[in-house]
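The values are calculated or read from the model by the stated rules, or taken from the named source; none is laboratory data. This is a predicted model, so every value here is computed, not measured. Heads up, the Cβs are rebuilt from the backbone with ideal geometry, glycines too, and the neighbour counts pull from every protein chain shown.
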């Protein structure tokens with residue numbers, strides 16, 4: 001199954017998603033734009049960092065009752081089976097470190113962005129404040145997409 005799934009991904013734009021785009025799989029509500037973007041995921045090789053799963057679990061610990069853990073397990077399995085996990089190269093950690101010390105305090109977002117740059121993939125994010133920060137600091141953002149970009153590119 002994995003081999004055939006990978007074969008179908010050939011030629012699709014590689015796109016790393018931030019954690020917001022994984023939340024619906026585990027039943028956590030998020031911005032309506034996320035749901036519109038997810039409808040277009042079939043056009044992309046969707047990738048995520050394992051650290052996003054950790055971030056999801058922190059949210060789950062705060063808002064999900066123990067009675068709902070089976071739903072969470074099913075959602076995590078769906079993420080693992082549907083999307084591609086990617087490990088940040090060592091250099092991406094150093095890049096994220098520098099972003100942090102330049103003023104962007106969300107290390108996970110920094111790492112996701114840095115990984116996208118290091119592996120030549122798009123980054124899909126809702127965080128316009130982060131995108132503004134990157135531009136103000138002179139970082140390249142041509143690979144950064146928002147849900148509106150996905151919708152615009154779909155037609």
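Kindly establish whether residue 36 is in contact with a helix residue (DSSP H, G or I) (Cβ under 8 Å, 6 or more places away or on another chain) and surrounded by fewer than 16 Cβ atoms within 10 Å (Cβ to Cβ). So that I can check it myself, show each step before the final result.
On the way: in contact with a helix residue (DSSP H, G or I) (Cβ under 8 Å, 6 or more places away or on another chain): yes; surrounded by fewer than 16 Cβ atoms within 10 Å (Cβ to Cβ): yes.
Judged against the criteria, residue 36 is a match.
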Worksheet entry | Hits in the stretch 136-155 (condition: modelled with pLDDT under 95, farther than 22 Å from residue 84 by Cβ and assigned to a helix (DSSP H, G or I)) | 148, 151, 152
Worksheet item: Limited to the stretch 31-48, what total is found for residues that are under 14 Å from the mean Cα position of the chain (by Cα), without any contact (Cβ under 8 Å) to a residue 12 or more places away in the chain and in a loop (DSSP other than H, G, I, E, B)?
Response: 0
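Return the only residue of 56, 16 being in contact with a strand residue (DSSP E or B) (Cβ under 7 Å, 6 or more places away or on another chain), surrounded by 12 or more Cβ atoms within 10 Å (Cβ to Cβ) and either at pLDDT 95 or above or in a helix (DSSP H, G or I) (or both). Let's see the steps before the verdict.
Numbers: 56 fails: in contact with a strand residue (DSSP E or B) (Cβ under 7 Å, 6 or more places away or on another chain).
So the residue among 56, 16 that is in contact with a strand residue (DSSP E or B) (Cβ under 7 Å, 6 or more places away or on another chain), surrounded by 12 or more Cβ atoms within 10 Å (Cβ to Cβ) and either at pLDDT 95 or above or in a helix (DSSP H, G or I) (or both) is 16.
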Response to the item:
Within the stretch 59-70, of all residues that are closer than 10 Å to residue 28 by Cβ and surrounded by 12 or more Cβ atoms within 10 Å (Cβ to Cβ), the one modelled with the lowest pLDDT is 64
Worksheet, complete the sentence: Of the residues in the stretch 80-92, those that are crowded, with 18+ Cβ neighbours inside 10 Å and either more than 21 Å from residue 125 (Cα to Cα) or free of Cβ contacts under 8 Å to residues at least 60 places away in the same chain (or both) number 2
Response to the item:
Considering the stretch 112-124, residues that are in contact with a helix residue (DSSP H, G or I) (Cβ under 9 Å, 6 or more places away or on another chain) and not in a helix (DSSP H, G or I), and then whichever is surrounded by the fewest Cβ atoms within 10 Å (Cβ to Cβ), we arrive at 119
Practice prompt. Taking residue 103 as meeting all but one of (1) at pLDDT 95 or above; (2) loosely packed, with under 14 Cβ neighbours inside 10 Å; (3) on the phi < 0 side of the Ramachandran plot, write down the number of the exception.
Written response: (3)
Practice prompt. Mind telling me which of the residues 127, 95, 109, 74 ends up being exposed (fewer than 14 other Cβ atoms within 10 Å of the Cβ) and either modelled with pLDDT of 95 or more or within 12 Å of residue 16 (Cβ to Cβ) (or both)?
Written response: 74
Discussion item. Quick test of your reading of the structure: residue 133 fulfils all but one of (1) part of a helix (DSSP H, G or I); (2) in contact (Cβ under 8 Å) with a residue 24 or more places away in the chain; (3) within 19 Å of residue 43 (Cα to Cα). Name the failing condition by number.
Written reply: (3)
